[in-house]
Structure formats: C-alpha cells, structure tokens
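Participant: Mind having a look at this structure? Questions to follow.
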Amino acid sequence: MRSIESHETSSQSETEALGAGIALRLAPGVVVYIRGDLGAGKTALVRGACRQLGVAGRVTSPTFTIAHRYDDGIHPISHLDLYRLGSHLDSEVPGLLEEELGPERITFVEWPGDLDENSAVAVLNISIEHRGGDKRLVKLW
Ligand SMILES: Nc1ncnc2c1ncn2[C@@H]1O[C@H](COP(=O)(O)OP(=O)(O)OP(=O)(O)O)[C@@H](O)[C@H]1O
Ligand SMILES: [Mg+2]
C-alpha cells in the first residue's frame, strides 16, 4: 500500500471542499474508489469534486440508477454507486466499468466492494470513517 494521507472534516461543506481540493489532483483516466459506511459523506465528496471540475447542475446520489454522467465540466465524469449491485458485483461490474471508464473520463465509484483495484489505469483510493457527530476521517492512498 502506498502512503496514506489523512484529513478530518467537521461538516458536509468541509467534505465538499476537501473533494474540490482532491479534484485538482485528478486527471482523465483516473478512477477514484470511495469506501465508507452509509452517510459517511462519499457523495458529498464527489459533489465537491464535480463542482471544482466545472459541473454546474445538481450532483446527487446515483444509488437507484447506479450511474450518473456529468458532461458539462472540464472533463466528462462518471459517478457510480454500486451499493445496489450487492452480490451481483462480480457479474455486473466488468461490463459497467467498461462503459464508464475511459481515458478521457474521471470516474468516481462509491461502494466498489472488493473490486480489483488493478483493473484501472490509475486509481485513487479514498475511505471515509465516522468519528462521532459530524466529524469524519478521510484517508487517501
Ligand atoms: N463531515 C461531514 N462530511 C460529510 N457529510 C456530513 C458530515 N457531517 C455530517 N454529514 C451529513 O452526512 C450525510 C452524508 O451524506 P452522503 O450522501 O454524502 O453520504 P454517502 O457516504 O454518499 O452515503 P451512501 O452510502 O448512502 O451513498 C449528509 O446528510 C451530510 O449532511
Ligand atoms: Mg452516496
């Protein structure tokens, strides 16, 4: 495992701001896996990142549709939430990722399970942990 970077946030807007900062370090072709419990702030972080990348409209959870695409920013973005795939992850994900990954896109994946992290060109891993109240510990590696 490469080096871990840690941040603490105390509100949704702080997590969004952290996402915005992370977005400055992303390039097309990168896949960002985001792990953490329900309500940890995964979507909030993606929202901040999308804003930074020039997405103007609402950035909401793709829980029910599995994937959202944002094509109005600096780079095309895919935002996946694989929670609902549950045990179907292994059979569904390869096809899904083939559609949603690309050298020109930045892809965020919530609930990636134990998806093979070596499958993508470049990967950033993020985990978000509850730390009581509105505090969250965000790790990057
Ligand atoms: N420090 C914080 N960072 C992010 N969200 C916070 C924080 N403190 C409180 N919250 C609240 O926690 C919730 C986070 O929701 P969000 O949809 O981003 O979580 P999620 O990890 O994507 O959940 P899910 O697993 O359901 O997709 C929001 O209601 C937000 O207001
Ligand atoms: Mg979410």
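Participant: Would you check which residues across the range 1-15 are within 13 Å of ligand 2 (Cβ to nearest atom) and either crowded, with 22+ Cβ neighbours inside 10 Å or under 13 Å from H79 (Cβ atoms) (or both) and list them?
Facilitator: Matches in the range 1-15: T15 only.
Participant: Could you please give the count of residues in the range 31-69 that are within 15 Å of S127 (Cβ to Cβ), in a helix (DSSP H, G or I) and either in contact with a strand residue (DSSP E or B) (Cβ under 6 Å, 6 or more places away or on another chain) or more than 11 Å from ligand 2 (Cβ to nearest atom) (or both)?
Facilitator: Selection size over the range 31-69: 2.
Participant: Of the residues that make up the range 70-77, is at least one under 11 Å from the mean Cα position of the chain (by Cα), at pLDDT 95 or above and within 16 Å of ligand 2 (Cβ to nearest atom)?
Facilitator: Within the range 70-77 (the criterion being under 11 Å from the mean Cα position of the chain (by Cα), at pLDDT 95 or above and within 16 Å of ligand 2 (Cβ to nearest atom)), the answer is yes, since at least one residue qualifies.
Participant: Kindly check whether there is at least one residue in the range 82-95 that is surrounded by 14 or more Cβ atoms within 10 Å (Cβ to Cβ), modelled with pLDDT of 95 or more and touching a helix residue (DSSP H, G or I) at 6+ places or on another chain (Cβ under 8 Å).
Facilitator: Within the range 82-95 (the criterion being surrounded by 14 or more Cβ atoms within 10 Å (Cβ to Cβ), modelled with pLDDT of 95 or more and touching a helix residue (DSSP H, G or I) at 6+ places or on another chain (Cβ under 8 Å)), the answer is no, since none of the residues qualifies.
Participant: Pick from E129, E110, E104: which is surrounded by fewer than 18 Cβ atoms within 10 Å (Cβ to Cβ), touching a residue at least 40 places away in the same chain (Cβ under 8 Å), on the phi < 0 side of the Ramachandran plot and touching a strand residue (DSSP E or B) at 6+ places or on another chain (Cβ under 6 Å)?
Facilitator: From the options E129, E110, E104, the qualifying one is E129.
The values are calculated or read from the model by the stated rules, or taken from the named source; none is laboratory data. This one's a predicted model, so the numbers in the text were calculated from it and none came from an experiment. Reconstructed Cβ throughout: ideal geometry from the backbone, glycine too, with neighbour counts over all protein chains shown.
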